[in-house]
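Participant: Sharing a structure, written as C-alpha cells. Questions coming.
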Amino acid sequence: MENVLTMITDLVTTSSDNVAIQGVPQKRIQLRKAWVHHDVPKLTQLLTEAEADPSESGQAFVFEVKGTLEALDGDYAVATTLFRDALSRYEKIDDAYGKADALRAIGYIQARTGDSDGAYSTLKQSLAAAEAGNYTASIGNACLQLGWHAMTTRSDRNLALEFYQRAYQCGQECRDTYLTISALTQLGELYHSGESYDKSIEVLNEAVELADAYGVPSLRMNAFNTRGMVYSMAGMFPEALNSFMSAYQVAVDDADKSNQIVCAANISICQNSLGDLDQAEHWGKLADDLAERYELRNHWALTDLILADVFEKKENFEHAIRHARAAAQLCKSRKDESGYCTAQCVITRCLINQGAIEQAGQEFSSIDPSALFDVNFVGDWWLTSARLKSAQGDHEAANADAIRALEEAEKAVRPNDRSIAYAVLRDLAHKRNDLEGYVRYNKLYLDLEEEIRGAAVKTRIAVQAKESELAKEREARERERALLYGALPKDIADRMLAGEVVSGDVYPSAAVMFIDVVNFTSHSQSMHPREVTQILEHLFSMVDQHCEHHHVSKIKTIGDAYLAVAFPLSDDHDAMQGASTAHELRITQVALQVMQHGLSWPDGSPVQVRIGLHTGTVVAGVIGTQRLQYDVWGDTVNTASRMESTSEPGRIHASDVFAQALAQHDSPYVCTPRGTIDVKGRGSMQAYWVEAP
C-alpha cells in the first residue's frame, strides 16, 4: 500500500490559494490552484478570460490553460503539445515567468509518464528560466518539484534536501505561504525517510501551525495530510488516522471536492494498516463514490487501487480483480506505467490465489518493467514475478526474482519490503529443499521483524518525546497569544504573531472618540471603592461590546476616561483611499448607544458622560516591552480630547470636520451647530452637537 501512498503524495503537491504572493500574477495563482484542486469550472472561466485578451501573452496563456484541462483529463500527449505551444509563444515575447511555468508543467507530465531523465532536464530548464527572470516564487516551485524528483527517482536524499531548503527560503522571501508550507511538508517526509523522526515531526508541526495561523483551508489540509503520511510510514497508525480525519474535515468544510477524495483515500489506507478492513472498505468506497459523483477522473485509478488492495486482503478476489482492471485501464490510457504495474500485480496475485496460473501469466506479461522508474514499483514487480514463477513450478527462477526484489527493497531503504522478500525467499528455499537457505532466510526474516518492531518502538518514543516538547512550546505560545489578544486589538495581535513590527502606522483618516464620566471624583469620594469599580466595570464593559459590534478599536482607559478609534476597514475601498466616512458613522453609532447606558449612582441620580469626536490623521503603534499597549497619537487625538472636555453632560460634541464628513455622505444623524468655541491649543473652532434622528 506504500505505492498508493506515493501516488497520493503526488496528488497533493504544490498549489496556491487565492492569496497575495509578491511578484506573482493573480491569474497564475488561480491557474495553479485550479490545477491542483481539479477545478474545471475555474479553469473554464480562466480560459474564457484569456481568450478575450488579444495580447501575445494572453494568447500564450490560452494554450497553457488548455494544456492544464487536457492534463486533468488524462490526455498527457495533447497536454504536452499545448504546453509546448505555450512555451514557444512565451519564448517569442521573452516572458520568463510564462516559460518557467510551461516548462514546469511539461516536466511534471514527463515525470508522470516515466520519462525520468527528460523530467529532470526540463525542470532544470524551468528553474533556469525562473532564475533569469528573478521570479522567486517560480524558483521555489521548480525547486519543490526537483526535490521530489531527486528523492523518488534518484534516491538522492542530499540533493532533495538542497532543493527543498531552497524552496522553503523562496517561500519565506516572497511570502508565498503555500510554497513555504509545501516545502516544510516535503522536508518532513525527507527527514522521516532518513530516520530523523524528531526533525520530521518538528517541521510538520510547524507546517500545521503556520497553516492554522493563516487560516487557508488547503494549507491546513495539506499539512494534516502529510503529517498523517509520516505517522503512517512510522507505523503510528492511530496518530496518522487522527491527522487524516482532521484533513478530511477541513476538506469537507471548505467544499474541496478533490481533497475530500484524497483524504478519504488516506483514511482507507490507514484503516487497512490497522487491520480494520471493513472501515477500510467503507472509506475506500466513499472516496470512489466521490470521484465518480464529481467526475474527477484523475482520482478514479487511485480509489480503484485502494479498493483492489482491500478486497485482495479480504480474499474477495473477484471484487479485487474488477477494481484493479478499472485502475489498469485508466492508468494505461494516460501512460501511467507505475499505476498500471500496481494494478496488474494485484490481478496477477488474485488469479494465482484462484488457481488461474496461465491467465495470471498473461496478465503479468502485459507489464513493461523497463518503463518503471520508481524503485518502489520495480520491487513490487520482481516480487510478483517470483510468486508467479513459483506457482508455475519454476522455483529456481522464482528464487532469482525474489533476490532482485530484495535488492530493490535494500536500494529503497524499505525494511517492510525486505521482510516480505525474506519471507518469500524462505518459503522458496523450503520448496527447493534448500535447508541451509531456509535457515538463513528464516533467521534474516525473524531478526528483521524484531528490528522493525524495535525501530517502531524507538520511533514512537522519539516522536512522543518530540510531541511532548512541542506541546509545551505550543502551550507557552498559546499563553502568549492569549495575553496579546487580551492587551491589543485582534488585527494588531495577528500582525505581531506573524512577526511584524507594529510601529508608526499612519492612517490618513480615522475617527477618534473620548468618553468621560461627569462629576466622577465628587461621586466616588462618598462611595466604597468596590462600588466605584463596579460602576466603571459595567459602563466600560458595555462600551467594549458596542465597540466590538461596530468594529471600533478600544485603545485604553485612563481613570474614568475611555479612548477608542474607528480605523478604515481593509475591505472598504473608499476607506483605503482615506476618504470614506464609514468609520465616522461607526463611531457615531457607538457614541449614541453609550448615551443610552441607563446606569445610576447609589443616590439614584443618573451616571452622565461627555463624549468628544474628531476625525483626521493619526499615528498608531505598539509601545512597551513588558506590558504592551497599542496607542494613537497626533493632533486628531488631541482635538477629540478637547471636544470631550468642552462638551456638556449627556451630550456628544463633534468638531466641524467630523460634522461635515457625516453631512457629505447623507448621514441619518443630526448635527446641530453649537457655534464658535475656544479650544486650548487650537484657538476658535466651529463645533456641533450630534444627536439621533
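Taken together, the values in this text are just the output of simple stated rules run on the coordinates, not laboratory data. No experiment lies behind these values; they were computed from the predicted model shown. For neighbour counting, all protein chains shown are included, and Cβ atoms are generated from backbone atoms with ideal geometry for every residue, glycine included.
Participant: With axes computed from alpha carbons, what is the tilt in degrees of helix 237-253 against the longest principal axis of the chain, rounded to the nearest 10 within 0 to 90?
Facilitator: Result, in degrees: 60.
Participant: For labels at residue 400 and residue 631 in the simple 7 Å Cα→Cβ model, what's the distance in nm?
Facilitator: Result for the modelled spin labels: 8.6 nm.
Participant: When you count, for each residue, the other Cβ atoms within 10 Å and take the mean per peptide, how do 391-400, 632-641 rank with the highest first?
Facilitator: Going by the mean number of other Cβ atoms within 10 Å, highest first, we get 632-641, 391-400.
Participant: Order these peptides, 94-100, 620-626, by their mean beta-carbon neighbour count within 10 angstrom, highest first. List each step's numbers first, then the result.
Facilitator: Values: 94-100: 21.0, 620-626: 13.1.
Result, highest mean Cβ count within 10 Å first: 94-100, 620-626.
Participant: Something else: So, with +1 on the Cβ of K and R and -1 on the Cβ of D and E, and no other charges, what is the size of the charge dipole of the chain about its Cα centre, to the nearest 20 debye?
Facilitator: 560 debye
Participant: Please go through the residue pairs 66/99; 199/472; 99/335; 490/554 and name each one whose alpha carbons sit more than 18 Å apart in this structure. Mind showing how you got there, number by number?
Facilitator: On the way: 66/99 16 Å; 199/472 16 Å; 99/335 25 Å; 490/554 11 Å.
Long pairs (Cα-Cα over 18 Å): 99/335.
Participant: ³J(HN,Hα) across region 119-135 via Karplus (A = 6.51, B = -1.76, C = 1.60, θ = phi - 60°), whole Hz, x for Gly/Pro?
Facilitator: Those phi angles translate into 4, 5, 5, 5, 5, 5, 5, 4, 4, 5, 5, 5, 5, 5, x, 6, 8 Hz.
Participant: If you don't mind, another one. How high is the FRET efficiency between residue 531 and residue 173 when r is their beta carbon distance and R₀ equals 60 Å, given to the nearest 0.05?
Facilitator: My answer for the efficiency is 0.55.
Participant: Here are several values of percent of Cα pairs over 33 Å apart: (1) 60; (2) 55; (3) 49. Which one was derived from the coordinates shown?
Facilitator: Checking each listed value against the structure points to (1).
Participant: At q = 0.15, 0.16, 0.20 Å⁻¹, what is the log10 ratio I(q)/I(0) for region 154-295, with the Debye formula run over Cα points and no solvent?
Facilitator: -0.76, -0.85, -1.16
Participant: Mind checking the angle between helix 217-233 and the chain's longest principal axis? C-alpha axes, 0 to 90 degrees, to the nearest 10.
Facilitator: 40 degrees
Participant: In debye to the nearest 20, how big a dipole does region 467-568 give about its Cα centre with +1 on each Lys and Arg Cβ and -1 on each Asp and Glu Cβ?
Facilitator: Computed about the Cα centre, the dipole is about 140 debye.
Participant: Taking Cα atoms, how many degrees apart are the long axis of helix 415-431 and the longest axis of the chain, rounded to 10 and kept between 0 and 90?
Facilitator: 20 degrees
Participant: Among 612, 503, 152, whose Cα lies farthest out toward the positive end of the dipole of the chain, if unit charges sit on the beta carbon of Lys, Arg (+1) and Asp, Glu (-1)?
Facilitator: 503
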